[in-house]
1. Please go through the stretch 55-84 and pick out each residue that is assigned to a helix (DSSP H, G or I) and more than 16 Å from residue 99 (Cα to Cα).
2. Being surrounded by fewer than 11 Cβ atoms within 10 Å (Cβ to Cβ), more than 32 Å from the chain's Cα centre (by Cα) and not in a loop (DSSP other than H, G, I, E, B) is the filter here; which residues of the stretch 1-51 pass it?
3. Just one of the numbered conditions (1) part of a helix (DSSP H, G or I); (2) loosely packed, with under 14 Cβ neighbours inside 10 Å; (3) modelled with pLDDT of 90 or more is not true of residue 91; which one?
4. Output the qualifying pairs, or none if there are none: Cβ atoms under 9 angstrom, residues six or more apart or on different chains, first residue in the stretch 15-42 and on the phi > 0 side of the Ramachandran plot, second residue surrounded by 12 or more Cβ atoms within 10 Å (Cβ to Cβ).
């Protein structure tokens, strides 16, 4: 909200004057001047963020969208960037950089595919466990 107010004050300062605009919008003049003094710093920070997002997109493209924030962070650290893991996650969320969707119905390994020897052994052991024991029925 304050950024919008200070943008408005900055755009119309020549017409109405800064003091009058700040009083009408309910913002402090010192806050406005502090905001204008930090404009260069904000622009530099935004440029750094844009460069980091471009690198994150490159890493995602290189690995076919399979890397999440943790792996992207590790790659960036490997390249010599000093960046926080939470910043990488925030930038990925903000710019909608997501991992590739996987089909959760497809098995990830061959051991759980039906028809293999291990699946048959598992089915036999499951039948052996589910068979009721004579002690469980209450008769001794």
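1. Correct list: 76, 77, 78.
2. Answer for the stretch 1-51, where residues must be surrounded by fewer than 11 Cβ atoms within 10 Å (Cβ to Cβ), more than 32 Å from the chain's Cα centre (by Cα) and not in a loop (DSSP other than H, G, I, E, B): 11, 14, 15, 30.
3. Of the numbered conditions (1) part of a helix (DSSP H, G or I); (2) loosely packed, with under 14 Cβ neighbours inside 10 Å; (3) modelled with pLDDT of 90 or more, the odd one out for residue 91 is (2).
4. Pairs that qualify, where the first residue is on the phi > 0 side of the Ramachandran plot and the partner is surrounded by 12 or more Cβ atoms within 10 Å (Cβ to Cβ), are 26/5.
The values are calculated or read from the model by the stated rules, or taken from the named source; none is laboratory data. Being a predicted model, the structure only gives us computed values, none of them experimental. Every residue, glycine among them, receives a Cβ derived from its backbone with ideal geometry; neighbour counts consider all protein chains shown.
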